[in-house]
Amino acid sequence: MGCAGSSIAAPRTGDALLVVDVQRDFLPGGSLAVPAGDAILAPLQACIERFEAMDLPIFASRDWHPPDHCSFQAQGGNWPVHCVAGGSGADFPAALHLPAGAVIVSKGSSPGRDAYSAFGETELHQRLQASRVRRLVVAGLATDYCVLATVLDARAMGYEVVVLRDAIAAVELHAGDGVRALEKMGAAGASFTDSAALLR
């Protein structure tokens, strides 16, 4: 899978942390809870604090759906209603402390178009380019959907990508989806490490 383990270099100029869709509806008690999704919060927060201390950019994507979004089961989609724009389920959890300077990008706002990738109909690529980002450290939810789509798009756009294995979790709508997603990311050239390797 292209795993590079602890050989991944520590954060450096040109890096950015990208937090994908860590929202209340995807955590335990939410309408579309990712199993063990809350287990990613502590390692993710440690990485946020490291990037903030180094004055490196932090980006966070969020689903920001209209009430009649095409991904909802009532509209023929696969998912229950989740992350409705302005609703409490779309909020970041209280345990996630993003710095004031973090850039938030909203996706999935068009009723008729799904948007798993944080790059989908957002200004993320332009904002990364403006910050001269070359390498993305990616964490969030869910491994087999929004993290996967985001990583594949990032690689297609030429970014180096490092995925934090202990700061992602899979929906597993079908058994093995999480593993298959990691394989696809690795095949696209993403590397993998754990948060501890970035905190040394």
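Within the stretch 168-195, take every residue that is under 24 Å from P28 (Cβ atoms), in contact (Cβ under 8 Å) with a residue 40 or more places away in the chain and out of contact with any Cys (no Cβ under 7 Å at 6 or more places or on another chain) and give me the one that is surrounded by the fewest Cβ atoms within 10 Å (Cβ to Cβ).
L173
Give me the residue from the stretch 35-59 that is outside any helix (DSSP H, G or I) and free of Cβ contacts under 8 Å to residues at least 60 places away in the same chain and, out of that set, nearest to H97 (Cα to Cα).
I58
For V162, indicate whether it is surrounded by 21 or more Cβ atoms within 10 Å (Cβ to Cβ), without any contact (Cβ under 8 Å) to a residue 60 or more places away in the chain and within 21 Å of P11 (Cα to Cα).
Here the answer is no, as V162 does not meet what is asked.
For the stretch 157-165, state whether one or more residues are among the acidic types (D, E) and within 27 Å of D25 (Cβ to Cβ).
In the first step, residues of the stretch 157-165 are kept if they are among the acidic types (D, E); the result is 160.
Restricting the remaining residues to those that are within 27 Å of D25 (Cβ to Cβ) gives none.
Within the stretch 157-165, none of the residues are among the acidic types (D, E) and within 27 Å of D25 (Cβ to Cβ).
Do you know which of the residues in the stretch 125-158 that are touching a helix residue (DSSP H, G or I) at 6+ places or on another chain (Cβ under 6 Å) and part of a helix (DSSP H, G or I) is nearest to A10 (Cα to Cα)?
V151
For the stretch 84-106, state whether one or more residues are surrounded by fewer than 17 Cβ atoms within 10 Å (Cβ to Cβ), without any contact (Cβ under 8 Å) to a residue 40 or more places away in the chain, farther than 30 Å from S131 by Cα and of a type in the set (S, T, N, Q).
No: zero hits.
Please work out if L18 is within 20 Å of L148 (Cβ to Cβ) and over 12 Å from the mean Cα position of the chain (by Cα).
No.
State whether the residues of the stretch 3-26 include one that is on the phi > 0 side of the Ramachandran plot, out of contact with any strand residue (DSSP E or B) (no Cβ under 9 Å at 6 or more places or on another chain) and not polar (S, T, N, Q).
The first filter runs over the stretch 3-26 and keeps only residues on the phi > 0 side of the Ramachandran plot, leaving 5, 14, 21.
Subset that is out of contact with any strand residue (DSSP E or B) (no Cβ under 9 Å at 6 or more places or on another chain): none.
Scanning the stretch 3-26, I find no residue that is on the phi > 0 side of the Ramachandran plot, out of contact with any strand residue (DSSP E or B) (no Cβ under 9 Å at 6 or more places or on another chain) and not polar (S, T, N, Q), so the answer is no.
In the set L32, L44, which member is closer than 30 Å to R200 by Cα, within 16 Å of the chain's Cα centre (by Cα) and of a type in the set (A, V, I, L, M, F, W, C)?
On the way: L32 fails: closer than 30 Å to R200 by Cα.
Every option except L44 fails the conditions.
Do you know which residues across the stretch 116-148 are surrounded by fewer than 20 Cβ atoms within 10 Å (Cβ to Cβ), over 13 Å from V105 (Cα atoms) and free of Cβ contacts under 8 Å to residues at least 40 places away in the same chain?
Q129, A130
Any read-out appearing in this document is the output of simple, stated calculations on the displayed coordinates, not a laboratory observation. Quick caveat, the model's predicted, so the values are computed rather than measured. Positions of Cβ are backbone-derived with ideal geometry, glycine not excepted, and every protein chain shown enters the neighbour counts.
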